[in-house]
Amino acid sequence: MKIDIVSVFPEYFEVLNLSLLGKAQERGLLSIDAHDLRDWTHDVHHSVDDTPIGGGAGMVMKPEVWSECLDSLLGERSLVNIEQSDVKKPDGEHSDVEKPDAEQHSAEQSDEGYAASDPAPGTTIVFPNPSAPLFTQDDAQELSHQNRLIFGCGRYEGYDARIPAYYCSKGYDFREYSIGDYVLNGGEVAVSAMVEAITRLLPGFMGNPDSIVEESYTGKQALLEYRQYTRPAQWRGRDVPDILRSGDHAKVDRFRRDEALVRTANIRPDLIEQLRVEDLDKADRKL
Ligand code: 6GU
């Protein structure tokens with residue numbers, strides 16, 4: 001997978017070279033390149049924003065700077081194909097190519113402006129936007145199957161609305177996501193979160209692939225996880241629950257499942273509502 005991130009603060013993404021993500025890059029599982037949006041400006045001030053048409057506070061990111069940037073990144077297609085052929089795909093699942101999904105922006109008449117090269121299959125453009133649909137584990141899962149992701153970080157009061165509309169009209173899979181119901185100063189933190197959520201799902205990323213399956217929000221049932229304990233069995237007057245030390249695996253499984261259900265009902269009742277009756281077992285229904 002090749003990931004490009006564009007921001008006016010590209011240094012922000014140096015953290016992505018640390019830890020598991022850094023190791024995955026060294027192993028050639030993925031590459032992440034952060035770019036400075038100002039590299040695509042032509043004026044002496046390298047300006048990327050302008051006042052909002054219609055009035056209002058703040059500044060809006062200009063469409064021409066973003067289109068120059070995105071067109072040049074999208075033009076690097078041959079390079080992506082070469083890189084992809086180096087990475088072996090351990091399971092057939094990840095070689096699937098998703099069709100562009102222009103749900104958020106319907107196709108519009110084309111304008112006579114410069115068009116980037118034809119939409120590359122397996123490429124998705126993502127712009128964080130606090131006014132967009134929430135980014136979920138399902139989205140992370142879906143995007144982990146792509147071979148190229150281009151993230152564009154907005155700053156200030158956002159970016160010109162014609163940017164997503166244009167790329168969707170050209171057949172690109174252009175998506176906008178929020179990462180939660182709170183306001184950040186810019187898209188950088190949101191992109192870091194999305195990149196981490198997506199890349200850890202790549203085959204071979206995790207040392208132990210089982211650790212992905214059991215976690216919250218994955219698998220067919222999205223429950224919060226049960227609580228975990230380690231040694232010592234007694235600590236500051238608090239005991240680890242006896243069942244967990246009983247060695248009876250069926251009882252341990254039931255205990256953990258009950259706890260996951262109760263915690264989810266208390267903390268995230270919205271997730272309980274999404275459960276399907278057929279996902280519950282007999283013992284669940286007694287709760
Ligand atoms: Cl994607 N951007 C910003 N600026 N704030 C946010 C967000 C995104 N998601 C939640 N808050």
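The values are calculated or read from the model by the stated rules, or taken from the named source; none is laboratory data. These numbers were taken from a predicted model, which means no experiment stands behind them. Note that we place each Cβ from the backbone using ideal geometry, even for glycine, and neighbour counts take in every protein chain shown.
Hey, could you check the stretch 259-287 for residues that are part of a loop (DSSP other than H, G, I, E, B), surrounded by 11 or more Cβ atoms within 10 Å (Cβ to Cβ) and touching a residue at least 12 places away in the same chain (Cβ under 8 Å) and say which is nearest to the chain's Cα centre (by Cα)? Give the derivation first.
Going residue by residue through the stretch 259-287, those that are part of a loop (DSSP other than H, G, I, E, B) are 268, 275-276, 280-281, 287.
Still in the running and surrounded by 11 or more Cβ atoms within 10 Å (Cβ to Cβ): 268, 275, 280.
The next check asks that each one be touching a residue at least 12 places away in the same chain (Cβ under 8 Å); those that pass are 268, 275.
Details: Arg268: 21, Leu275: 23 Å.
Ranking the candidates gives Arg268 first.
Looking at the stretch 58-78, can you tell me whether even one residue there is at pLDDT 95 or above, surrounded by fewer than 17 Cβ atoms within 10 Å (Cβ to Cβ) and assigned to a strand (DSSP E or B)?
No: the stretch 58-78 contains no residue that is at pLDDT 95 or above, surrounded by fewer than 17 Cβ atoms within 10 Å (Cβ to Cβ) and assigned to a strand (DSSP E or B).
Look at Gly171 and say whether it is more than 12 Å from the chain's Cα centre (by Cα), in contact (Cβ under 8 Å) with a residue 60 or more places away in the chain and either within 11 Å of the ligand (Cβ to nearest atom) or on the phi > 0 side of the Ramachandran plot (or both). Outline the logic, then answer.
Working: more than 12 Å from the chain's Cα centre (by Cα): yes; in contact (Cβ under 8 Å) with a residue 60 or more places away in the chain: yes; either within 11 Å of the ligand (Cβ to nearest atom) or on the phi > 0 side of the Ramachandran plot (or both): yes.
When the stated conditions are applied, Gly171 passes them.
Got a sec? Which of Ile179, Ile163 is crowded, with 23+ Cβ neighbours inside 10 Å and aliphatic (A, V, I, L, M)?
None of the others qualify; the one that does is Ile163.
Could you count how many residues in the stretch 108-136 are more than 15 Å from the ligand (Cβ to nearest atom) and at pLDDT 95 or above?
Result for the stretch 108-136: 3.
Can you pull out the residues in the stretch 148-157 that are crowded, with 22+ Cβ neighbours inside 10 Å and assigned to a loop (DSSP other than H, G, I, E, B)?
Narrowing the stretch 148-157 to residues crowded, with 22+ Cβ neighbours inside 10 Å: 148-154.
Within the stretch 148-157, Cys153, Gly154 meet the criteria.
Between residues in the stretch 124-135 that are part of a strand (DSSP E or B) and among the aromatic types (Phe, Trp, Tyr) and residues that are more than 9 Å from the ligand (Cβ to nearest atom) and modelled with pLDDT of 95 or more, which pairs lie under 8 Å by C-beta distance while being six or more apart or on different chains?
Phe127/Phe151; Phe127/Gly152; Phe127/Tyr159; Phe127/Ile163; Phe127/Pro164; Phe127/Phe174; Phe127/Arg175
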